[in-house]
C-alpha cells in the first residue's frame, strides 16, 4: 500500500468516526480504512494515532472550553490538560492494535482486544467513560436493545465485529466473512416483551432554567437564578418536580428556610441539586423535599477528578494556582433510594451517569426510576455537550428502567425502559417538561443479575487468548 493511499484510508477513518456521532450506521464501516492499513506490520502506533487522534480532539473539545473559559486557566495549561486527556484516551486505542500486530493474532480476536481496553479505560484510576463505541449507536434501537442482556460493552463488541465482517467481504475472504456474519447474527439475542403490571402513575416535571455557566456562581445573580427555578415551578400540578445539579445556588442545610417557605403551598415532591457543608466537608448532593421539609439526601459518590477534588493532593496541589484550586468535595458513601409514596427513585449526579454499575445497583435495590441531575453548561456548544447524555439511554436499556435526565441548559429528557426518548427539552431553552408516566413492576434484567460481569469475563478471555497466542507462536518458531 502506498503512503498516499495509507494516509487517505487513515484520514477516512478519522472522518467516519466523527461522522458516526451524527449518523450512527457509519460506525459499522468507520474502522475499515484502519484495518486495510494494518495489513502490513509497519508503524501500527503511527497509523492508529492518525486514525483516532482527530476523534479524541473532537469529543474532548468541551473539556478545553470548560477549563479555559469557565475555570479561567491560562490557555497553555488548558491546552496541556486537553491534549493530555486526548493522548490518554489514544493509549487505549493504540495498545490493542500493537498487541494485535506484535502477536500476529487472528483478526477475529481484534474486537475482544478493542473492547477490553475500552473497559480498562473506564475503570483504571478514576475512570474515563467518555467516547465509548456504544455511544455511537444509541439511536439504533434494534442494535442496542441487547444492552439489557450483556450491557454497553456488548454493543461496542458488535460494532467492531461488523466492521471486520465488512472488511473481510471487501478482501473476498468469504469464509471469514461468513463466520463473522453468523457471529453477528447470533449476537442479536431475541427478547420477549411481556407487558408488566402497572405499579403507579405519576406526573413528573423537569425544570430547565437555562442559566449560563458564566452567570451561575456570580454573587449578584444567585438570587435571580433561584427565583427562575421557583417561578417555573410555582404553578405546577405534578407529583414530582425535578431541578438539575446545583440548582440551589447557596450552601444548603436542613435548617434552610428558602426551600421550606417555597414548598408550603406545593403538593408535589421536589428533588433538586445543591452543595452542602457538613462540618468541614462539602458534598454535591441531591435533596428531596416536600411541605414537611427535607425528606432525604443523596451525596454524589463518583466525583470528577480536578473539578471536584484533586487526586494525590499532597503532591499535585503544589502545581495548581490557589485561585484555580476547586477544593475537595467529599464522596458519598452509599446509594440512596428516595421512597416517594409507591415510587422508588435512585439518584445519579453528573459524571455518575457514565458508570453502569451505579444504575445497576439502584435497580437491584428495587428502584422504579433513576433521576440524573447534571449541569452540562460546562461544555457549552461543543460535541462533548451532546455526547454525555447518550449514556442515559444505555442505562435505561441495561436496567429496563425509566431515566429522567435533568440538566441546567440541556439535554433534559425522559427515557423509557426500552431506551426511547419519550419527551425532550431542547438545549439552551428555558422551560418545563411535564409527562404522565406509568411505572411498572419491572424485574431486574439479565444484565442486572449476571450481564454486568461480561466485561470482566471479556478481559479475562482476552488475556488468556493473548498468552496462548504468544506461547503458540514461540513453540512454532522453536520447531
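As a summary of the residue check, residue 439 satisfies the conditions (1) at pLDDT 95 or above; (2) surrounded by 14 or more Cβ atoms within 10 Å (Cβ to Cβ); (3) in a strand (DSSP E or B) except for the one numbered (1). Could you please find all residues in the stretch 444-475 being touching a residue at least 60 places away in the same chain (Cβ under 8 Å) and not in a helix (DSSP H, G or I)? 444, 445, listed by residue number.
Apart from one condition, residue 233 fits all of (1) surrounded by 22 or more Cβ atoms within 10 Å (Cβ to Cβ); (2) within 26 Å of the chain's Cα centre (by Cα); the exception is (2). Every test in (1) more than 21 Å from the chain's Cα centre (by Cα); (2) part of a helix (DSSP H, G or I); (3) at pLDDT 90 or above is passed by residue 386 save one, and that test is (1). When the residues of the stretch 33-64 are filtered to those that are outside any helix (DSSP H, G or I) and in contact with a helix residue (DSSP H, G or I) (Cβ under 6 Å, 6 or more places away or on another chain), the one that is surrounded by the fewest Cβ atoms within 10 Å (Cβ to Cβ) is 41.
Quick one: in the stretch 334-365, of everything that is surrounded by 14 or more Cβ atoms within 10 Å (Cβ to Cβ), assigned to a loop (DSSP other than H, G, I, E, B) and touching a strand residue (DSSP E or B) at 6+ places or on another chain (Cβ under 8 Å), which residue is modelled with the lowest pLDDT? It comes out as 335.
Of these, 79, 15, which one is modelled with pLDDT of 95 or more, closer than 27 Å to residue 381 by Cα and touching a helix residue (DSSP H, G or I) at 6+ places or on another chain (Cβ under 9 Å)? Full working, then the answer.
Values: 79 fails: modelled with pLDDT of 95 or more.
Exactly one residue qualifies, and that residue is 15.
When the stretch 15-31 is filtered for residues that are crowded, with 21+ Cβ neighbours inside 10 Å, in a helix (DSSP H, G or I) and touching a residue at least 24 places away in the same chain (Cβ under 8 Å), the ones remaining, listed by number, are 17, 20, 27, 28.
The set of residues in the stretch 65-89 being assigned to a helix (DSSP H, G or I), under 27 Å from residue 215 (Cβ atoms) and over 18 Å from the mean Cα position of the chain (by Cα) consists of 65, 67, 68, 69, 70, 75, 76, 77, 78, 79, 81, 82. Being in the same structural domain as residue 270 (by TED's automatic domain parsing), within 26 Å of residue 156 (Cα to Cα), in contact with a strand residue (DSSP E or B) (Cβ under 9 Å, 6 or more places away or on another chain) and not in a strand (DSSP E or B) is a description that applies to residue 417.
Looking at the structure I just gave you, is residue 113 part of a helix (DSSP H, G or I), touching a residue at least 24 places away in the same chain (Cβ under 8 Å), out of contact with any helix residue (DSSP H, G or I) (no Cβ under 6 Å at 6 or more places or on another chain) and not assigned by TED's automatic domain parsing to the domain that holds residue 385? Explain how you work it out, then say what you get.
Working: part of a helix (DSSP H, G or I): yes; touching a residue at least 24 places away in the same chain (Cβ under 8 Å): yes; out of contact with any helix residue (DSSP H, G or I) (no Cβ under 6 Å at 6 or more places or on another chain): no; not assigned by TED's automatic domain parsing to the domain that holds residue 385: yes.
Judged against the criteria, residue 113 is not a match.
Does the stretch 280-289 contain at least one residue that is in the same structural domain as residue 230 (by TED's automatic domain parsing), at pLDDT below 90, closer than 23 Å to residue 128 by Cα and not in a helix (DSSP H, G or I)? No: zero hits. Would you mind stating whether residue 165 is modelled with pLDDT under 95 and within 17 Å of the chain's Cα centre (by Cα)? Criteria not met by residue 165.
Regarding residue 72, is this residue at positive phi and touching a residue at least 40 places away in the same chain (Cβ under 8 Å)? So that I can check it myself, show each step before the final result.
Working: at positive phi: yes; touching a residue at least 40 places away in the same chain (Cβ under 8 Å): yes.
It is true that residue 72 is at positive phi and touching a residue at least 40 places away in the same chain (Cβ under 8 Å).
Any residue in the stretch 320-333 that is closer than 21 Å to residue 207 by Cα, assigned to a strand (DSSP E or B), out of contact with any helix residue (DSSP H, G or I) (no Cβ under 6 Å at 6 or more places or on another chain) and at pLDDT below 90? Among the residues of the stretch 320-333, not one is closer than 21 Å to residue 207 by Cα, assigned to a strand (DSSP E or B), out of contact with any helix residue (DSSP H, G or I) (no Cβ under 6 Å at 6 or more places or on another chain) and at pLDDT below 90, which makes the answer no.
The values are calculated or read from the model by the stated rules, or taken from the named source; none is laboratory data. Please read these numbers as outputs of a predicted model, since none were measured by experiment. Glycine gets a Cβ as well: all are built from the backbone with ideal geometry, and neighbour counts include every protein chain shown.
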